[in-house]
């Protein structure tokens, strides 16, 4: 299934995306919540949503509206840095021996079609296309062999980064460089794990104003998804709706000669094979 949230005239609704149309799940089964995070927190939530899709068939009920952020307030937004070998090399960093982890605040989360404000105090703002993993059930000390069973599905993400704050402030302000409002677009929807045969061999790319800047495949990840989940869950409980940005491939703006940084009016498109395209535009913040 493709699950999304849609802003309609009356409310924001949880929908299944079918052939470009939006099926109102709660209109088929009133016990289905309007929040994707709440659906994932219900152990039988995804099965209930699938049953509603099968029950509705081709008859709807369909709704129209604009796509909203699939998960508006994840409990945790966890990011993995330097997780593509070529990106580590272009960044002038050693190849990591363990996952490099950082986080963003939930106020950084935004959705498809939304504006990304570029703060006036940041002068070197960069894009980063990423595969995002969404956790589907709680777990701690998860074995690698079991890790994929904790994944609800996958989304596109863009780890927007203020490089001047991240790398050039005293002490390197990684957190503040990564977490300005709107610096974590996700979407356009969640594709459930059963529809992604191999998350470790998906084409991933980012275009900036129609020009391809990043292009790779997720098979180039240094640490794969089970390794990341096992590593994180050694010390924290992963919960339904938590999102994990798995790292970005080479081609980021700071590594280009000359560097390419975002400016108001720019449009970023993150495309991942089988997951669709996440589009956001930049505005002055």
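Restricting to region 274-285, and then to whatever is assigned to a loop (DSSP other than H, G, I, E, B) and either under 19 Å from residue 81 (Cβ atoms) or modelled with pLDDT of 95 or more (or both), can you tell me which residue is nearest to the chain's Cα centre (by Cα)?
Going through the qualifying residues, I end up with 275.
Just wondering, is there one or more residues in region 200-211 that are closer than 26 Å to residue 271 by Cβ, buried (at least 20 other Cβ atoms within 10 Å of the Cβ) and in contact with a helix residue (DSSP H, G or I) (Cβ under 9 Å, 6 or more places away or on another chain)?
Yes, region 200-211 contains a residue that is closer than 26 Å to residue 271 by Cβ, buried (at least 20 other Cβ atoms within 10 Å of the Cβ) and in contact with a helix residue (DSSP H, G or I) (Cβ under 9 Å, 6 or more places away or on another chain).
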Q. Which of (1) surrounded by 19 or more Cβ atoms within 10 Å (Cβ to Cβ); (2) in contact with a helix residue (DSSP H, G or I) (Cβ under 8 Å, 6 or more places away or on another chain); (3) farther than 30 Å from residue 265 by Cα is the odd one out, the single condition residue 227 does not satisfy?
A. (1)
**Q.** Failed item, numbered, when residue 51 is tested on (1) touching a helix residue (DSSP H, G or I) at 6+ places or on another chain (Cβ under 9 Å); (2) surrounded by 16 or more Cβ atoms within 10 Å (Cβ to Cβ)
**A.** (2)
Q: Taking only region 235-273 into account, find how many residues are on the phi < 0 side of the Ramachandran plot and in a loop (DSSP other than H, G, I, E, B).
A: 22
Q.
Can you find a residue that is within 26 Å of residue 13 (Cβ to Cβ) and touching a helix residue (DSSP H, G or I) at 6+ places or on another chain (Cβ under 9 Å) anywhere in region 91-101?
A. no
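The values are calculated or read from the model by the stated rules, or taken from the named source; none is laboratory data. Note that the structure is a prediction, hence the values are computed from the model and not measured. When we count neighbours, we look across all protein chains shown, and the Cβ atoms used for this are built from the backbone with ideal geometry, even at glycine.
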